[in-house]
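Quick notes on the structure that follows.
The values are calculated or read from the model by the stated rules, or taken from the named source; none is laboratory data. Predicted model only: the values in this text are computed from it and were never measured. Cβ: placed from backbone, ideal geometry, glycine included. Neighbour counts: every protein chain shown. The area values use the complete protein model at the heavy-atom level, side chains included, leaving out ligands, DNA and RNA. Shrake-Rupley method; radii C 1.70, N 1.55, O 1.52, S 1.80 Å.
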Amino acid sequence: MTEKTRLEINVRRLLTRCELIAKDDPHNWKLEKYIHSLDDMMNMLQALPSKPTKDTITGYAKRIEFLKGVINAMKLSNPVERVVAAQLLSKNSVSTNNSSTSITTQIHQKTVAKYNRELRAELFHSNKDAGKDGVRQRLSSSNIQDDDLDAILKYNRNIQEKIAENMLSMTSTMKEHALAASAIIKKDVGMLEMSNKLIDVNAVKLKKESLKLEEHTNSKGMWWFWLMIVFVLAVFFGMVLFIKMTTKRIR
């Protein structure tokens with residue numbers, strides 16, 4: 001068994017153990033410690049040369065993030081914020097494993113139900129002096145319920161606004177990057193076109209110079225050719241005259 005296989009099996013076992021703890025007793029102090037260990041093990045797993053597939057690592061990471069969300073919701077002191085945080089827990093943060101999907105769904109449902117019960121108890125909590133003024137107590141409970149519901153709605157609106165702002169910001173950034181890339185591409189295309197034109201012009205000039213050089217070479221060669229003929233003829237006639245003059249003296 002290789003080191004990579006042992007490490008991945010340990011990650012799976014510890015992740016399953018954390019999910020069972022989150023399902024049965026999310027207040028268990030071991031849960032957060034185990035999740036910190038999972039983060040370290042995931043970093044080691046991703047650093048291996050023969051690490052698992054990208055989808056597998058993404059599945060592990062999503063399950064760990066879900067458990068972190070459960071812990072973060074549990075740490076909130078305001079019951080309204082706990083309910084909202086529990087509602088926002090992603091039920092899709094699971095791998096393709098059916099058992100993981102089932103237990104994550106159970107954790108999500110139990111967490112939401114628990115915090116809803118706590119919020120309901122907080123909203124409808126009766127005061128010890130409620131018997132003295134029952135009408136006023138019912139009105140007060142109704143006002144508290146309305147205020148908390150308004151707080152929930154306001155919190156949801158704020159989250160939606162932040163998401164919209166982030167999306168607009170990302171869209172603007174992507175647009176700026178696209179425009180910058182388009183400008184760079186246009187500039188490069190323009191430079192390539194200029195380079196092609198210069199290449200064509202230089203090719204034409206080179207062709208002309210080659211023709212001139214060829215003509216010059218041909219004309220110079222003909223000049224040497226005629227010079228050689230004249231030289232040969234001069235030597236020939238000189239020899240003839242020399243022979244005649246020598247013959248006359250001998251006679």
Could you check the spin-label model distance between Leu20 and Val235? Points 7 Å from the Cα along Cα→Cβ, value in nm. 11.5
For Thr246 and Ser102, compute 0.36 nm times the residue count separating them, minus their Cα-Cα distance, and round to one decimal in nm. 38.7 nm
Inter-label distance, nm, simple model (7 Å from Cα along the C-beta direction), Lys197/Glu215: 2.8
Taking the full set of protein chains and a 1.4 angstrom probe, give the accessible area of Thr105 in square angstrom, rounded to the nearest 10. 40
Hey, if we sort Tyr115, Tyr34, Tyr155 by accessible area with the 1.4 Å probe, largest down, what's the order? Tyr155, Tyr34, Tyr115
Which peptide among 184-195, 9-20 comes first, and what is the full order, when sorted by highest mean count of other Cβ atoms within 10 Å? 9-20, 184-195
Probe radius 1.4 Å, ligands and nucleic acids left out: which of Trp226, Trp29 has the largest accessible area, and how do the rest follow? Trp29, Trp226
In nm, the gap between the two label points placed 7 Å beyond Cα toward Cβ at Glu122 and Lys62 is 3.0
Fully extended contour minus Cα-Cα distance, from Leu153 to Leu206, at 0.36 nm per residue: 11.3 nm
